[in-house]
1. Which whole number in µm²/s is D for segment 209-264 by Stokes-Einstein, with the Kirkwood Rh taken over Cα pairs at 25 °C and 0.890 mPa s?
2. Extension gain Asp311-Ala349, at 0.36 nm per residue separation less the Cα-Cα distance, in nm?
3. Once the Cβ-Cβ distance between Asp254 and Arg303 is put in as r, and R0 is 22 Å, what FRET efficiency do you end up with, to the nearest 0.05?
4. Along the Cα-to-Cβ line of Glu231, 7 Å from the Cα, sits a label point; which residues in segment 282-301 have backbone N less than 12 Å from it?
5. Pull up all non-local amide H partners of Ser296: gap of 5 or more, or a different chain, and H-to-H distance under 5 Å with H placed in the peptide plane.
6. Rounded, prolate or oblate: which one fits segment 204-297, using the alpha carbon gyration tensor with axes a ≥ b ≥ c (rounded when a/c is under 1.5, else prolate when a/b beats b/c, else oblate)?
7. Quick one: Cα convex hull volume of segment 301-349, Å³ per residue?
8. Amide H of Glu317 versus every other amide H placed in the peptide plane: which residues, excluding those fewer than 5 positions away on the same chain, fall under 5 Å?
Amino acid sequence: MRAFRHLSTGFVAAALLLAACGDDDATTGTEGDGSAGGGELPVVVVTTTALGDVVENVVGEEADVVTLIPLGADPHDFQASAQQANQIREADALVVNGAGLEEGLLDVIESAEDDGVPTFEAISAVATIGFGEGGHAHDDEHSEEDHAEEDHAEDDHAEDDHSAGDEHVHEGADPHFFLDPARMAVVADAIGDFLTTTVDGIDAGALDVATSGYVNELEHLDAEIEESLSEIEDERRVLVTNHDALGYFAERYDFEVIGTVIPSGSTADGSSAGTLADLAETVRDQGVPAVFADNSASDDLARTLADEVGDDIAVVELFTGSLGEQGSEAATYVEMIRTNAERIAGALA
């Protein structure tokens with residue numbers, strides 16, 4: 001799998017210079033010159049690192065994939081440079097998370113759509129939940145579509161594609177679907193369909209083979225995660241998180257999110273002293289052993305909560321906003337989900 005290309009301003013300038021000199025290799029390690037529309041292969045621009053890795057696996061060698069948001073950056077507050085906005089406008093296709101995750105990119109994404117760039121909103125392929133709805137305490141509220149999606153059988157992939165999924169997304173939907181690999185399997189399948197029908201120059205047969213293989217890998221990952229978490233006792237299947245990001249994970253694997261340090265789905269918001277005091281009391285009362293923080297946002301408030309609770313409560317970092325660096329435990333989407341599950345199991349078992 002080819003390495004991601006992240007579009008810092010300096011990189012874009014270097015890539016454009018290389019294109020002008022006719023050198024399509026050098027600094028990127030991938031085919032093409034790093035500028036949308038400038039190489040022999042079609043260019044697909046993707047917003048987040050998690051989706052970037054998924055799209056890389058789906059397209060195989062059929063397209064160049066450009067990932068906008070750098071490793072370690074918070075997707076909630078990342079903003080595109082002028083050069084990056086131009087990359088998006090020149091792309092053969094654009095893949096975004098949707099539901100407001102990319103808060104700082106909304107204007108750029110809307111402008112690209114207005115300019116006619118084919119755009120796929122990944123969350124449109126799956127049934128969504130609202131903030132605070134994730135976790136087993138809300139099982140009775142799940143729709144039939146939610147349960148069918150959780151089963152993630154092959155016929156679900158046919159039914160939950162991007163053309164039919166828009167009706168599932170509602171105002172105020174939690175955008176963090178990507179932390180549920182069962183939903184991501186559905187999304188990967190839908191991305192394959194979108195690119196096959198939208199982007200010229202893609203070998204549909206080759207893309208279908210790559211997509212099917214990767215969807216199968218994600219389904220096996222889901223089963224592996226379910227098994228690895230099965231030994232956590234019911235009374236310990238509770239999560240306290242830095243912000244409201246684990247709703248889909250909690251729903252899929254039968255956890256309950258009992259509190260968030262930042263009572264919001266966005267790390268751009270804050271928390272009050274009263275909110276932290278109330279949460280600390282809840283954590284003490286329920287004997288919660290760990291608070292789960294985000295790798296792409298500050299953990300200062302989570303550590304403040306832990307200090308307030310005392311009793312050696314751990315602050316455990318999860319990869320919720322970004323993949324990890326190359327060579328880390330979360331360099332790919334599959335590794336990210338597996339590492340998160342291992343860390344949750346280690347903290348709660």
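1. Rounded, D is 191 µm²/s.
2. Details: separation 38, 0.36 × 38 = 13.68 nm, distance 1.72 nm.
Fully extending the segment from Asp311 to Ala349 adds 12.0 nm.
3. Given R0 = 22 Å and the Cβ-Cβ separation, E is 0.20.
4. Within reach of a label on Glu231, which here means backbone N under 12 Å from a point 7 Å along Cα→Cβ, segment 282-301 contributes nothing.
5. Under 5 Å from the amide H of Ser296 lie the amide H atoms of Thr320, Gly321, Ser322, each far enough along the sequence or on another chain.
6. Numbers: a/c = 4.21, a/b = 1.80, b/c = 2.34.
Because a/c hits 1.5 or more and a/b fails to exceed b/c, segment 204-297 counts as oblate.
7. 82 Å³
8. It is Ala293, by chain and number.
Rule-based calculations on the coordinates, nothing more; no lab input. Note that the structure is a prediction, hence the values are computed from the model and not measured. Neighbour counts are summed over all protein chains in view; Cβ atoms, including those assigned to glycine, are modelled from backbone coordinates with ideal geometry.
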